[in-house]
1. Looking only at helices (runs of 4 or more DSSP H) that lie completely in segment 378-468, which have at least 1 residues being more than 19 Å from the chain's Cα centre (by Cα) and in contact (Cβ under 8 Å) with a residue 60 or more places away in the chain?
2. Every residue in segment 311-347 that is in a helix (DSSP H, G or I) and either under 28 Å from Gly402 (Cβ atoms) or basic (Lys, Arg) (or both), please.
3. Quick one: Ile142 ticks every box in (1) among the hydrophobic types (A, V, I, L, M, F, W, C); (2) farther than 25 Å from Gln228 by Cβ; (3) part of a helix (DSSP H, G or I); (4) open to solvent by 40 Å² or more (accessible area, probe 1.4 Å) except a single one, so which number is it?
4. Just a yes or no: is a residue in segment 231-245 touching a residue at least 12 places away in the same chain (Cβ under 8 Å) and part of a strand (DSSP E or B)?
5. I'd like the residue in segment 367-377 that is without any contact (Cβ under 8 Å) to a residue 60 or more places away in the chain and under 18 Å from Asn284 (Cβ atoms) and, out of all such residues, is least open to solvent (accessible area, probe 1.4 Å).
6. Would you mind stating whether Val91 is β-branched (Val, Ile, Thr), buried (at least 18 other Cβ atoms within 10 Å of the Cβ) and touching a residue at least 60 places away in the same chain (Cβ under 8 Å)?
7. Mind listing just one residue for me: the one in segment 94-139 that is touching a Pro at 6+ places or on another chain (Cβ under 6 Å) and in a helix (DSSP H, G or I) and, of those, surrounded by the most Cβ atoms within 10 Å (Cβ to Cβ)?
8. With modelled with pLDDT of 95 or more and in contact with a Lys or Arg (Cβ under 8 Å, 6 or more places away or on another chain) as the only criterion, which of Tyr47, Tyr66 stands out?
Amino acid sequence: MKSIYKIGMISCLVWLISCDNLSDINIDPNNSITARPKEVLTSVQVYTAYVLDAQYNDLAFLWGQYWTWGAGVAISDYCRYAQNPKFGNLVWERSYSDALADIKFLKASGQKGYSGIAKVLEAFIYEYLVDHFGDIPYSSAIKGAISDGSVLAPAYDDDAAIYPQLVISLDDAIAELTNAAADPLVTVGSEDLMYGGDLSSWIKFANSLKLRILMRMSDVVDVSSQVQSTVAFGMFIETPDEIAEIPFSGDAGSESPMYALEESLIGLFYKAASTVTDVMDATNDPRKFIMYDEAENFPGEIKAAAQNQIPSEFTSVSADWSSPSAVAYGASVPTIFISNWETWFLRAEAALKFNTGGDASSAFSTAISDNFAYVGAPEADVFIQGLGFDGASAPDKINLIGVQKWISMNGLQEAEGWIEARRFDTPENPIFTGVTGIFQTPLLTALGDREFPVRWLYPESEQSLNPNAPPQSKLTTKVFWDR
């Protein structure tokens, strides 16, 4: 289903990494009169993978406190919890001008297989834009054509109003994909880098994404009936073969977006963060020895540093500290959109909060076991038993889900881990940001003690060119679902 011959189709990732200005290209493939849905679908997936891995994940591994700044490199603003508005320019361009513009083409193609897939990816892109920026252009976005009203300065929609629309769009996508899957004349093939045209897998992706969106807003919106019906529908990502991901061979032109970006600069110099390894040590978590390499100067040891500790110690050298392993960083590391362990964590939480009829304990155990299996860690059963989920109180079970979910995203889905840490951390239960919480205040920070970024700044390009853009936000201003 994910055979390696497809991988050659994504060689344009190298171009994405190295080219910030599409005007350098003479022919715009999005407007080519010869463009077909099959080529445009590949384009959408490549753009979305780039934004997810080389932009969102590439910052979240610091803000989610999985990795920390290494030795020999001047400390950056974003490591100190400061962000230049220019940082978001590329996310905005690749999301709106590229991926969402291509999606508009697919939705209008009249080919329901491509249209259904496009709607799933559209919901994914908008969800992450809201999660990182809050209010964004939605209802008037991608309407620059004369036939659409020549909207060159789209208005911003309230983020709380966008999320319910994404659920409706995913319902439409599921219906369209279901009809397409039953039609023998509808064919999508190897141009689909994620599932090779298997539309039933796209339905599972869509329903898993729908559950994610519903649970994301579940603390501020009554979604109980929707969650129950979503779980009752079934069709979730449950096995490794069903993970929504784009694989990479590691060959030139088929490299992980994060890897391609970092190696185009000075290479990976980040080190293991003691934020996560301290939690792992407290629970005897063997994944620590999978996600990080032994320190060169300390054979047999995983040496992790506090946030911004290494730049503060002038005698520190890179070989004193553990680096992310090949599981977490490398040319052939896939870009994961939604994993099977993530879906099982969602189902465990839904069973606890909304009485969906599932077994929360079984779903929780499956989530951890699946993550152990994916990274190759041993003795999942022993580890799960030691967590004591079955005997815990309901609030403690929620905490266990939140913390284990955050750990399971380490090196694999860093942006999702950072987002979910924000969600599980509440004023009544600040398990990550409280005085005794998991997150560390960096030794060098632009924010106050126990203050952490919860969003990105609006791109400079929007602030300069769109008169409808709202005033610049603060890194500490929460999006609607973040209590």
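The values are calculated or read from the model by the stated rules, or taken from the named source; none is laboratory data. Quantities reported herein were computed from a predicted structural model and do not represent experimental measurements. Virtual Cβ from ideal backbone geometry, glycine too; neighbours counted across all protein chains shown. We work out accessible area using only protein heavy atoms, side chains counted, and drop any ligands, DNA or RNA first. Shrake-Rupley method; radii C 1.70, N 1.55, O 1.52, S 1.80 Å.
1. 380-387, 460-465
2. Asn340, Trp341, Glu342, Thr343, Trp344, Phe345, Leu346, Arg347
3. Going through (1) among the hydrophobic types (A, V, I, L, M, F, W, C); (2) farther than 25 Å from Gln228 by Cβ; (3) part of a helix (DSSP H, G or I); (4) open to solvent by 40 Å² or more (accessible area, probe 1.4 Å) one by one, Ile142 breaks only (3).
4. Yes, some residue in segment 231-245 is touching a residue at least 12 places away in the same chain (Cβ under 8 Å) and part of a strand (DSSP E or B).
5. In this case the residue turns out to be Ile368.
6. yes
7. Tyr114
8. Criteria check complete, one pass: Tyr47.
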